[in-house]
1. Rounded to a whole number, what % of the accessible area of the chain do carbon and sulfur atoms account for, probe 1.4 Å?
2. Can you report the principal axis dimensions of the range 162-236 using only the alpha carbons, biggest first, rounded to whole angstrom?
3. Under the √(5λ) rule applied to the eigenvalues of the Cα gyration tensor, what semi-axes describe the equivalent ellipsoid of the range 75-180? Give them in Å, descending.
4. I want to verify a result. In a Gaussian network model of the chain, Cα cutoff 10 Å, which of these has the top mean-square fluctuation: Leu42, Leu124, Leu200?
5. Where does the Debye-calculated log10 I(q)/I(0) of the chain sit at q = 0.13 Å⁻¹, using only Cα point scatterers of equal weight, no solvent?
6. For the chain, with a Gaussian network of springs between Cα atoms less than 10 Å apart, report the residue from Thr223, Thr175, Thr90 with the top mean-square fluctuation.
7. Compute, for Phe66, the solvent-accessible surface of its heavy atoms (probe 1.4 Å) with the complete set of protein chains present, and express it in square angstrom to the nearest 10.
8. What net charge is computed for the residues neighbouring Leu43, neighbours being all others with C-beta under 14 Å from the C-beta of Leu43, Lys and Arg scored +1, Asp and Glu -1?
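The values are calculated or read from the model by the stated rules, or taken from the named source; none is laboratory data. The shown structure was predicted, so the numbers you read here are calculated from the model rather than taken from an experiment. All Cβ positions, glycine included, derive from the backbone under ideal geometry; neighbour counts span all protein chains shown. What goes into the accessible areas is simple: the full protein's heavy atoms, side chains included, and nothing from ligands, DNA or RNA. Shrake-Rupley method; radii C 1.70, N 1.55, O 1.52, S 1.80 Å.
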Amino acid sequence: MATDQNPRPASGDEGGGEWLPVLDVPAPGRQRRWTVLLRWLLLVPQFIVVGVLGVAAFFVTIVGWFAALFAGRLPDGVFRFLGSVLAYRTRVNASATLLVDRYPPFSFAATGYPVQIQVRPTPLNRAAVFFRLVLMIPAVIIGGLLQSGWAAVSWVFWLVTLVLGRLPAPLYAATAAVARYTLRLNAYVSLLTPAYPQKLFGDAPAPTKEAAASGTRPLVLDTTGRVLLVLFLLLGLAGHIVNATTDYRSDDSGSTVISTP
């Protein structure tokens, strides 16, 4: 994770006057087929660590909420811990979604790892902090639909990567867009940024004279990538509707009717 005190946002990372958290992931490259085959099994220990860190981050976020409500910003120690947890989760997520082949380290300090995030200590609006639970609802819904939709087709992505030995560019771009939106959503929820999650469908192409900072900066999606994102949203919505309908029917069929003579 990197923190940046520069008040001017990097090109393509500014939204509504507020600097958006940055995700850097290398451009898609060759992956070892055996690690692709066993990817989620190999990551089980990492998932356990992420779960434990998530519990700790939940309580620290509560402390940070009260502090930010009075001070207008997160305390430095809280910011560093939550930022480190966010970076750790993002590295594991990037590996799990086949964006990178390299195994994430069991460490907060991972300067040599190819996946990096950038967040900046920023003053927070106290009213936005107070109403954060309400304000984040639309973004949480979108994030949930995206993740559910991606999970529904993840086996296809896994099979394609296993056969080709790499994640094709449109699949990479759509997956990276979900990962970046998830990063920005988690940063907003944990008060690491006042910027609302946005730019789901990518950034504007950088001028040709500018070299891309990484495979996701700028994150440029073609038509196929955008169609895949819409597909994720629709699949996620369909899944939630089916689950809700199933639960309703289950409750209805399991109800007991008592009649009196």
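1. Values: 9130 of 13560 Å².
About 67 percent, which is the carbon plus sulfur part of the accessible surface.
2. Between the extreme Cα coordinates on each principal axis of the range 162-236 lie 40, 38, 22 Å.
3. Working: eigenvalues 172, 80, 18 Å².
Semi-axes from the Cα gyration tensor: 29, 20, 10 Å.
4. Leu42
5. Debye intensities relative to I(0), on a log10 scale: -0.88.
6. Looking only at Thr223, Thr175, Thr90, the biggest GNM fluctuation is shown by Thr223.
7. 110
8. Numbers: positive: Arg39, Arg89, Arg91, Arg102; negative: Asp101.
Result for the local shell: +3.
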